[in-house]
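The values are calculated or read from the model by the stated rules, or taken from the named source; none is laboratory data. All values derive from a computational prediction rather than experimental measurement. Cβ: placed from backbone, ideal geometry, glycine included. Neighbour counts: every protein chain shown. Quick note on the areas: whole protein, heavy atoms, side chains included, nothing else; ligands and nucleic acids left out. Shrake-Rupley method; radii C 1.70, N 1.55, O 1.52, S 1.80 Å.
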Amino acid sequence: MRKSRVEERDYMPPHRLAFYQPGHFHAALTLRHANPRVANDIHIYADTGPERDAFTDLVEQFNGRAEQPTSWRLHLHEGPDLPDRLIADGHANAVLLAGHNHSKLETIAHFTQAGLHVLADKPWLTDRRQLPFLEQVTTGPTFAMDIMTTRYSIMARLCRQVVATPALFGGFDMDADPAIDIGSVHHLYKMVNGRPLRRLPWYYDIGIQGDGMVDVQSHMVEQAQWWVLGDILGDYDRDVVLDAARRWTTPVPPDLFQDSTGLSVYPASIRQWVRDGVLHYACNGDIRYRLRGIRVRQTTEWRAREPEGGGDLHSVTLHGLRVNVIVRQGPDTGYRAELHLRPVADVAIEPALRDAIRQWQKAFPGLSVAPSNLGFRFVISPGLDHGHESHFPLVLDAFLEHLEQGQWPEALRARIRLRYTLLAKARELALGTSNHVDGNQSCENGPHLPRT
């Protein structure tokens, strides 16, 4: 008798991971929890300096914590020709990337051509010049996947459940403009893993990091794809009409720059964006498009400092024919995300809602609803979501699951091509139509989050 998938996994050798130039803390977060699929020996190919130190320090924090410590053994490799040495040494069957974005797709292509699978943080590009590599890395025999964490959040999963329940949602309202309205507010100075996040200076260089059209926007496109396309194939030329795009800046005065990077002066590489002694960081963006005829607006905004007791803010409004799905988060909710359902006109959704809650108990144990000023609010049991940082190990596990299946999901590859093509074209449209100092309107707070 053929062994089950779980039994087969017991006999599989652990995956051997290498990290190449881990310049963003997302790289280390994939190792936040122990993973029996992964060998404890982790090889890091990186130049000496603060980027590598930040990665190793965070992993050592995971190893040294009192509860559920990890046991990663870090092996450091430095010197010239690191990509080729990583390939030649043969320590790994998969490579993780999280850092400089302007050359990321080219780097992914280099590793996949050598037969290594790649898990890489978003965004995969900063402008359309990297698009030729996108086709290459999503069609070859080796597998490349981006780190998309949003679909592991409890809010995104519940939104998906509502949208996929016709008796409750009724399908998207094709006349709503927009029918999908996604917004987020992030902060340049924030806490991660209980400590202030130290950003590397190149983070403020939009030529390396990318701007407000490509970074957080990649998560938003992925959400819209999930809700509209599900897990089926998507194609940019067939499924997308790009309507408008705009980007603008957030002022980063010297004190904020020093608090977030540790540097007292702006480096020469970003002084072209300094006006009157203040850096104007083009980190905000608004993109409007149609995905299979459904109108989408997605807005990302960066503010200076995380408020006391607060964090990143996320907002979603999905307009259905029977009900509107509303996620709101802010001071009025104690910075906790809340998911509400607002019935459309006189539509009675209670019977369908009660039936849906019963069916969802296996996936969302203890889920219930309560009346709210918008209609109904989902009451989510504690423990169903452990926070954003816990999602990165789940992405790594999904990546390894694909490797073990041995067949790369073509729908996933198609969705990756669609989202980065959209972002590259949206950026080009924004730069061609906006009035900017290097391309941007300056705005202290940017637009408001999507309306409810």
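Suppose the filter is crowded, with 22+ Cβ neighbours inside 10 Å and assigned to a strand (DSSP E or B); does Gln298 pass it? Break it down stepwise before answering.
Working: crowded, with 22+ Cβ neighbours inside 10 Å: yes; assigned to a strand (DSSP E or B): yes.
In short, yes.
Yes/no matrix, rows are residues, columns are (1) closer than 23 Å to Val185 by Cβ; (2) open to solvent by less than 40 Å² (accessible area, probe 1.4 Å); (3) of a type in the set (Val, Ile, Thr); (4) in a loop (DSSP other than H, G, I, E, B):
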| site | (1), (2), (3), (4) |
| --- | --- |
| Trp226 | yes, yes, no, no |
| Ile232 | no, no, yes, yes |
| Ala245 | yes, yes, no, no |
| Pro251 | yes, yes, no, no |
| Val265 | no, no, yes, yes |
| Ser269 | no, no, no, no |
| Tyr281 | yes, yes, no, no |
| Gly285 | yes, yes, no, no |
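Among the conditions (1) under 20 Å from the mean Cα position of the chain (by Cα); (2) of a type in the set (S, T, N, Q); (3) under 22 Å from Ala176 (Cβ atoms), Ser372 misses just one, which is (1). Taking residues in the range 211-231 that are small (Gly, Ala, Ser), and partners anywhere that are open to solvent by 10 Å² or more (accessible area, probe 1.4 Å), the pairs with Cβ atoms closer than 6 Å and at least 6 places apart or on different chains are Ser218/Lys122. Once the range 170-198 is narrowed to residues that are small (Gly, Ala, Ser) and either at pLDDT 85 or above or under 16 Å from Phe257 (Cβ atoms) (or both), the residue that is farthest from the chain's Cα centre (by Cα) is Gly170. Within the range 23-35, not a single residue is surrounded by 16 or more Cβ atoms within 10 Å (Cβ to Cβ), among the basic types (Lys, Arg) and part of a helix (DSSP H, G or I).
When the range 88-125 is filtered for residues that are open to solvent by 10 Å² or more (accessible area, probe 1.4 Å) and polar (S, T, N, Q), the ones remaining, listed by number, are Asn93, Ser103, Thr107, Thr112, Gln113.
Only residues that are open to solvent by 10 Å² or more (accessible area, probe 1.4 Å) and aromatic (Phe, Trp, Tyr) were counted across the range 146-172, and they come to 2. May I ask you to verify whether Thr261 is in contact with a His (Cβ under 6 Å, 6 or more places away or on another chain) and either open to solvent by less than 30 Å² (accessible area, probe 1.4 Å) or β-branched (Val, Ile, Thr) (or both)? No, not satisfied.
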